[in-house]
Amino acid sequence: MPDSKQRRPHILLGVTGSVAAIKLPLLCQQLGEIGDLKVITTNAAQHFMTMSAPVPKVEGMEFLNDEDEWHSWQRVGDEVLHIELRRWADIFIIAPLSANSLAKLANGLADNLLTCVARAWDHQAANMLVAPAMNTCMWSGPFTAAHLTTLYDMGMAILPPISKRLACGDTGVGAMAEPASIAEAARALLQLKGGKQLGQQRWWRRLPWPRPKRQLPGGAFQREGICSGPSAHNCFPAVAAALISSAAVLLYAVVRVARQ
Ligand SMILES: Cc1cc2nc3c(=O)[nH]c(=O)nc-3n(C[C@H](O)[C@H](O)[C@H](O)COP(=O)(O)O)c2cc1C
């Protein structure tokens, strides 16, 4: 594989069974402008894709599903598709991410091609982006916060859904972020992977979880202090915080012992 600086970025797009999968043509168009695209679909996603407009022909774009995983492996020595895809990709985007697949990711399930790639992913690289899409009640339910917190703690970038009238008729938060926002966040993550932009656009916010995060373009956010790509200087705040807290604990212990 050529060096990633001499070729277009390799974008792996996972599509799950949310009605937002009908936006796939627009998403492929936007992401195809950034890099080479491979698309993994779950069985439920394929159902929605039959209803979407035709996906634009983007050169080199490939569609993969669970059958490809099994058909491509016939004997020992054959390539294992989910591992090859992980090796190929510079970024893994799951958009839309259904409540079901969100739960699977948070719990480490690997029962289809998409979740196998996610399970085999190197999360140290901090180059995975998810854009959940679901009914408002699903989004505001307690499982969602718990599962998203797990993904956040693993270093995934999360692009929250937006509020609008949903396909089910309800109005509220739950619609997948716009494809342009997903593409914008993807560009930022790809640049972060190259060690650029680190340290910029950081601030502490308390929405929707009381955890520090750095803001990415497009409305996505990611855990603070995670190492992105070859540059380690982004780890500095986390390392400094760990050192300071260790020193404080040590000092406290010394003072307690000295007082006795
Ligand atoms: C018409 C219809 C629309 C749906 N829309 C959504 C949705 O927007 N978000 C969601 O999380 N699940 C939605 N579901 C449910 C998922 O398709 C279902 O949980 C499925 O098992 C997801 O599978 P996957 O995560 O493997 O793709 C919808 C189901 C139907 C029948």
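Values quoted throughout were computed directly from the atomic coordinates according to the rules given, and no laboratory measurement underlies them. This is a predicted model, so every value here is computed, not measured.
Debye-formula intensities of region 10-229, expressed as log10 I(q)/I(0) at q = 0.11, 0.12, 0.15 Å⁻¹, are -0.49, -0.59, -0.95 (one equal scatterer per alpha-carbon, no solvent).
Each part gets one Cα centre, and for region 2-59 versus region 124-157 those centres are 20 Å apart.
Rounded if a/c is under 1.5, else prolate if a/b is larger than b/c, else oblate: which is region 1-135, with a ≥ b ≥ c the root eigenvalues of its Cα gyration tensor? Cα axes put region 1-135 in the rounded bin.
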